[in-house]
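Following: one structure in structure tokens, then a few remarks.
The values are calculated or read from the model by the stated rules, or taken from the named source; none is laboratory data. What you see is a predicted model; the values in this text were computed from it and never measured. Methodologically, a virtual Cβ is constructed for each residue, glycine included, from the backbone with ideal geometry; neighbour enumeration extends over all protein chains shown. All accessible areas refer to the heavy atoms of the entire protein, side chains included, with ligands and DNA or RNA removed. Shrake-Rupley method; radii C 1.70, N 1.55, O 1.52, S 1.80 Å.
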Amino acid sequence: MVRAYTQEHVYRHPWDRVTTASWRKFTDSPKVLSHVTDVHTLSRRLDPDQGTLCTTRSVTVRSPQLPFILRRIIGQDSVVCHCVESTVVDARNRSMEIVVRNVSLRNILEVEERSKYSPHPVHPDRWTVFQQETSIRCKPLSALAAVAEKVEQRCAERFLQNSAKGREVMENICKYLEAEASSATSSAAVGI
Amino acid sequence: MGAKNRSSYASPCSQLRAEYHDCFNRWYSEKFSKGQWDKEECVAEWEKYRACLAQHLEDRHLRRLLAEADPAAFPKEEDPAHSADGSSGR
């Protein structure tokens with residue numbers, strides 16, 4: 001039981017702006033991405049010779065309200081899930097790769113989301129391509145396979161909804177950064 | 001549920017986290033992503049934030065993640081349960 005999804009989106013913003021927005025996605029919009037309850041940076045490593053930056057963040061996500069049967073079994077309305085996000089940015093080659101995996105609830109399901117931001121092949125200095133692969137795997141020996149299937153479906157729906165919301169947040173942050181950059185340029189021109 | 005979800009934003013490290021993330025975001029957008037990657041910045045902010053996390057992170061899962069991310073700073077707790085998974089008997 002594996003469900004896999006791939007998504008692609010083109011941001012009409014340059015790579016440096018889009019990847020900046022990606023860092024700010026969870027922390028700037030806590031109201032929109034309300035399923036994300038907490039984000040911490042756990043490690044960071046810069047290689048100043050290669051121009052690579054590696055970081056690890058923890059992302060805490062609250063699930064939507066669980067189906068009735070699960071609420072009865074687990075005894076909670078929703079569950080909190082911890083994920084680890086590992087990011088590698090290669091500034092020299094303008095590549096950002098992000099892998100998110102869940103670390104809790106792994107006895108029920110495993111979710112892996114791989115994302116990549118790279119310059120658009122036709123307009124490398126103006127646009128950015130976002131590619132994402134999500135795989136959701138239910139544990140075959142999970143005590144209640146039928147229930148697990150429900151969880152899987154629920155999570156999949158939520159993942160798709162949230163990644164659409166995430167793109168919207170990203171677009172907004174990009175616009176904001178664009179406006180900020182142009183006002184900084186004009187202030188600089190005026191000599192403020 | 002609503003208000004409870006946000007409780008983590010009032011955690012003891014949220015201020016230090018915000019300072020670090022602000023610094024990081026600025027460095028990333030103004031320098032690193034534009035080709036100036038030779039110098040690490042926000043080191044003081046990072047140290048303060050890390051020290052706070054090490055002290056206040058109460059969640060067991062997050063604690064383990066932190067330990068894995070930086071084994072030197074967080075000596076592993078004794079965890080005898082994770083030995084070889086022999087026969088469980090049932």
> What tally of residues in the stretch A:91-101 results from selecting those that are more than 10 Å from every other protein chain (Cβ to nearest Cβ), open to solvent by less than 80 Å² (accessible area, probe 1.4 Å) and not small (Gly, Ala, Ser)?
Replying inline: 3
>> Taking the condition of being open to solvent by 70 Å² or more (accessible area, probe 1.4 Å), assigned to a helix (DSSP H, G or I) and facing chain A (nearest Cβ under 9 Å), how many residues in the stretch B:31-57 meet it?
In response: 1
> Hey, A:Leu70 hits all of (1) at pLDDT below 75; (2) more than 15 Å from A:Ser163 (Cα to Cα); (3) open to solvent by 20 Å² or more (accessible area, probe 1.4 Å) but one; which does it fall short on?
Replying inline: (3)
>> Quick check on the stretch A:108-130. Is at least one of its residues open to solvent by 20 Å² or more (accessible area, probe 1.4 Å), aromatic (Phe, Trp, Tyr) and either on the phi < 0 side of the Ramachandran plot or touching a residue at least 60 places away in the same chain (Cβ under 8 Å) (or both)?
In response: yes
